[in-house]
Amino acid sequence: GGGGGGVTQTGTSDPLTGLADRPEFMRVGVQRSEHGPPEAQVGLILADLHRFSTINHAVGFAAGDALLRDTAGRLVAVAPGALVARLGPDEFGVLVEGLDVAHVAEIAAEIQAECGRAFGAMDASLASLSLVTIGIATARCEEGVAVLLERAETALGAAKGRGGMCVETFDPTRHGAIVERKGLELELFGAGARGELRLHHQPIVDLNTSAVVGFEALVRWDRPGHGLIPPGSFIEAAEECGAIVALGEWVLEDACRQALVWNQPRSTSPSIMMSVNVSACQLRSPRFVDSVATILAAVGIEPQVILLEITETALNTDTDAMVDALGDLKDLGVLLAIDDFGTGYSSLSQLRRLPVDVVKIDRAFVSGVASDSEEWAMAVAIVNMATSLGKRTLAEGIETAAQLAHLRSLGCELGQGFLFSPPRPADEAWQSLEPGRGPDPCGAGLSQNAHRSETT
Ligand code: C2E
Ligand code: CA
Ligand code: CA
């Protein structure tokens, strides 16, 4: 071979460098891991030439080839007894045996230093082009070379993710998280169609009368093998992989159907509002407004009982487009709320521009409300500001009677929280409101009677 540098290669080899090629690497790797004691360690260093394709085009293929041959020689020189292979166009593997991860890391550091030295054959100005990005991993012989390679590739990916020219060691927790996340994303698509999504409903209460005026629909996922998992564990993933669009449509449709059921026998009483969370991703989709219109029409629900909640942070990016989308939603006749208000640094002028009906005060301010803190000052400011702009105010996360009393005195109109009820499946949420049926959990005076007597 060419630059094989004393390594005996019995099988196929890479013609350019004379190193083992990928099939040969796998063959030898399998052989060695099978013959080694099951518990013995094998280590793999993957070295990737930093930005090789750019360099190859800049300096020409002949110089690029020289760089690859030179790198091969340096790897063999640093790790003389090891199996060195060319695994990809500009990716090299060094298989070492019987070393713990600290020793493997030492060799990796030597490789990096060696490759950082100027190449004699090349223009001095190109000296720094030989820099490598390195991923390292170890495995037990019994785990096999395929597992080892996969781990080292994960580590290399992490090193590239950090900008390259560095060494990363395989982190089993990170790898586990990646595999888990991929599985989760795959399963999220179609979770609604497979009947795995559930809505829980939390009552929204008129703080002056304690009457229930509506419910917020909060999604849960009955994920096979995992039980009922909360939205905090999957909404973000759904947003990143795009599954949120279908998921959001399922939520809206289910919530609308529930709202229809709850409003039908009570046509003479004030209607029960249904509040539904909308993610920024949904709002950005050009199809969103149409999909809302389609769902409302298909279910046959009056738009004015539906309150769509959009988080304040969602409205901060690309505000003009968001304001347009909100305007289109208002034209459908639905109500709009700005969720988690106070966390996203909206200015007064921004709030004025937004065609929202309800401002939901974030739980962070509500929890400090009874303790005369800065949070209380924020809550006062938000209620006053929202009220003066003609918006309704809704305080989230009310847990104590003291918080309730303070919010009442402030003139905050609506509220929800564990003091009244946690989110519950539809039947239970409704039963707790019916007089004589189901317990009133916190003694906060939730009852259908209150609703009827106080609001008529
Ligand atoms: P959020 O919209 O701010 O919903 C309120 C969260 O606070 C809910 O958590 C609720 O269970 C919880 N909560 C209610 N009262 C209290 C209280 O008194 N004290 C405390 N400590 N917590 C209270 P959940 O159901 O886990 O939902 C978390 C978040 O997930 C929601 O925050 C919302 O941003 C998101 N989410 C839920 N359902 C959906 C959905 O259908 N679509 C989208 N895009 N997001 C959703
Ligand atoms: Ca919400
Ligand atoms: Ca909220």
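Would you point out which residue out of Ala298, Ala293, Ala246, Ala217 is among the hydrophobic types (A, V, I, L, M, F, W, C), within 16 Å of ligand 3 (Cβ to nearest atom) and either open to solvent by 40 Å² or more (accessible area, probe 1.4 Å) or at pLDDT 95 or above (or both)?
Details: Ala298 fails: within 16 Å of ligand 3 (Cβ to nearest atom); Ala293 fails: within 16 Å of ligand 3 (Cβ to nearest atom); Ala246 fails: within 16 Å of ligand 3 (Cβ to nearest atom).
After applying the criteria, what remains is Ala217.
Among the residues of region 382-407 satisfying the criterion of being of a type in the set (Gly, Ala, Ser) and within 32 Å of the chain's Cα centre (by Cα), which is most open to solvent (accessible area, probe 1.4 Å)? Write out each step before concluding.
Filtering region 382-407 for residues of a type in the set (Gly, Ala, Ser) gives 386, 388, 390, 395, 397, 401-402, 405.
Narrowing further to those that are within 32 Å of the chain's Cα centre (by Cα): 386, 395, 397.
Numbers: Ala386: 0, Ala395: 0, Gly397: 17 Å².
Among those residues, the one meeting the criterion is Gly397.
Here's a check for you: in region 408-420, which residue that is free of Cβ contacts under 8 Å to residues at least 60 places away in the same chain and more than 15 Å from ligand 3 (Cβ to nearest atom) is surrounded by the fewest Cβ atoms within 10 Å (Cβ to Cβ)?
Within region 408-420, the match that is surrounded by the fewest Cβ atoms within 10 Å (Cβ to Cβ) is Ser409.
What residue, among those in region 309-339 that are over 12 Å from Pro355 (Cα atoms), touching a helix residue (DSSP H, G or I) at 6+ places or on another chain (Cβ under 8 Å) and within 16 Å of ligand 2 (Cβ to nearest atom), is most open to solvent (accessible area, probe 1.4 Å)?
Only one residue fits best here, namely Thr313.
Just one of (1) surrounded by fewer than 19 Cβ atoms within 10 Å (Cβ to Cβ); (2) of a type in the set (A, V, I, L, M); (3) in contact with a helix residue (DSSP H, G or I) (Cβ under 6 Å, 6 or more places away or on another chain) trips up Leu228, so point out which.
(3)
For region 277-305, which positions are assigned to a helix (DSSP H, G or I), within 16 Å of ligand 2 (Cβ to nearest atom) and either touching a residue at least 60 places away in the same chain (Cβ under 8 Å) or of a type in the set (S, T, N, Q) (or both)? Full working, then the answer.
Here is the first cut: in region 277-305, the residues assigned to a helix (DSSP H, G or I) are 280-284, 288-299, 303-305.
Subset that is within 16 Å of ligand 2 (Cβ to nearest atom): 280-283.
Scanning region 277-305 gives a single hit, Gln282.
Would you confirm, using the coordinates I've provided, whether Glu236 is more than 23 Å from Gly195 (Cα to Cα), within 16 Å of ligand 3 (Cβ to nearest atom) and either open to solvent by less than 20 Å² (accessible area, probe 1.4 Å) or not in a loop (DSSP other than H, G, I, E, B) (or both)? So that I can check it myself, show each step before the final result.
Values: more than 23 Å from Gly195 (Cα to Cα): no; within 16 Å of ligand 3 (Cβ to nearest atom): yes; either open to solvent by less than 20 Å² (accessible area, probe 1.4 Å) or not in a loop (DSSP other than H, G, I, E, B) (or both): yes.
No: the conditions fail for Glu236.
Go through (1) assigned to a helix (DSSP H, G or I); (2) in contact with a Phe, Trp or Tyr (Cβ under 9 Å, 6 or more places away or on another chain) one by one and return the number of the condition Arg257 breaks.
Among (1) assigned to a helix (DSSP H, G or I); (2) in contact with a Phe, Trp or Tyr (Cβ under 9 Å, 6 or more places away or on another chain), Arg257 violates only (2).
Given the conditions (1) in a strand (DSSP E or B); (2) within 30 Å of Glu413 (Cβ to Cβ); (3) more than 16 Å from ligand 2 (Cβ to nearest atom), report the number of the one that Ile204 does not fulfil.
Looking at each condition in turn, Ile204 falls short on (3).
Could you tell me which of the residues Ala321, Ala337, Ala370, Ala386 is under 23 Å from Gly415 (Cβ atoms) and either acidic (Asp, Glu) or at pLDDT below 90 (or both)? Walk me through it before giving the result.
Values: Ala321 fails: under 23 Å from Gly415 (Cβ atoms); Ala337 fails: either acidic (Asp, Glu) or at pLDDT below 90 (or both); Ala386 fails: either acidic (Asp, Glu) or at pLDDT below 90 (or both).
Exactly one residue qualifies, and that residue is Ala370.
Among the numbered criteria (1) under 24 Å from the mean Cα position of the chain (by Cα); (2) hydrophobic (A, V, I, L, M, F, W, C); (3) away from ligand 3 (no atom under 14 Å from the Cβ), which single criterion is violated by Trp376?
If we test Trp376 against (1) under 24 Å from the mean Cα position of the chain (by Cα); (2) hydrophobic (A, V, I, L, M, F, W, C); (3) away from ligand 3 (no atom under 14 Å from the Cβ), just (1) comes out false.
Filter region 349-373 down to the residues that are surrounded by fewer than 22 Cβ atoms within 10 Å (Cβ to Cβ) and more than 30 Å from the chain's Cα centre (by Cα) and list them by number.
Once the filter is applied, which keeps residues that are surrounded by fewer than 22 Cβ atoms within 10 Å (Cβ to Cβ) and more than 30 Å from the chain's Cα centre (by Cα), region 349-373 yields Ser349, Arg352, Ala370, Ser371, Asp372, Ser373.
The values are calculated or read from the model by the stated rules, or taken from the named source; none is laboratory data. Just so we're clear, the structure is a prediction, and the values are computed from it rather than from any experiment. Neighbour counts are summed over all protein chains in view; Cβ atoms, including those assigned to glycine, are modelled from backbone coordinates with ideal geometry. Only protein heavy atoms, including side chains, enter the accessible area calculation; ligands, DNA and RNA are left aside. Shrake-Rupley method; radii C 1.70, N 1.55, O 1.52, S 1.80 Å.
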